[in-house]
Amino acid sequence: MSDIALGWMVEQLDELEHPILIDRERLRLWPDPLGMQHDERKAFLEAGWQRWLPEAMRMTWPEGLRTIHPQADLHLSVRDRLAGGPVTEHDIRRPYRPSPLSGHDEAREFFEGAPGGTAPPTSKLDA
């Protein structure tokens, strides 16, 4: 998904009156709406140096959820990801169901039957 977002950003830069020059030879994008979803909060907590700290001193940041308007533009890749079945989300596989999208007009159908607007994990991956 991040390559999809990066591709969109590059397109926006190209449309500027004075576009930023980008070396396209070095820009390798592999856009895949079903690609792995990273969780930087978990990755940061699992960083090797954190295990040396007492649990109360381990660092991360609070989870934050955005409010998404029910009729906001929804990129086709998000719809593809919602329809695509389980994806790897850091250390688990489950359907892509971010709760802020549960009330979106184009995404609502994917949340039917999912408790709290999220999907339970289908498997725990080996870390």
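Laboratory data are not the source of any read-out in this text; all were calculated from the coordinates shown. Quick caveat, the model's predicted, so the values are computed rather than measured. Using ideal geometry, Cβ is built from the backbone for each residue, glycine included, and neighbour counts are taken over all protein chains shown.
See the values below:
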{"read-out": "Measure of compaction for the stretch 1-102 (Cα Rg per 2.2 N^0.38 Å)", "value": "1.38"}
{"read-out": "Using θ = phi - 60° and Karplus 6.51 cos²θ - 1.76 cosθ + 1.60, couplings along the stretch 13-24 (whole Hz; Gly, Pro as x)", "value": "5, 5, 8, 5, 4, 10, x, 6, 6, 10, 7, 5"}
{"read-out": "Neighbourhood charge, 14 Å Cβ-Cβ cut-off, centred on R108 and excluding it, Lys, Arg +1 and Asp, Glu -1", "value": "-2"}
{"read-out": "Charge context of R79, other residues only, Cβ under 15 angstrom, K/R +1, D/E -1", "value": "-3"}
{"read-out": "Gain on full stretching of the segment that runs from A72 to R58 - 0.36 nm per residue minus C-alpha separation", "value": "1.4 nm"}
{"read-out": "Top of A83, A107, A43 by mean-square fluctuation, Gaussian network on the chain, Cα under 10 Å", "value": "A43"}
{"read-out": "CD proxy at 222 nm, helix term only [per DSSP H run n ≥ 4: -39500 (n - 2.57); per residue of the chain; nearest 500]", "value": "-6000 deg cm²/dmol"}
{"read-out": "All-pairs alpha carbon distance profile, the stretch 44-95, 10 Å steps from 0, percent", "value": "17, 29, 31, 19, 4"}
{"read-out": "For V87, residues with placed amide H under 5 Å, excluding near neighbours", "value": "R94, Y96"}
{"read-out": "By average C-beta atoms within 10 angstrom, highest first, the peptides 57-67, 93-103", "value": "93-103, 57-67"}
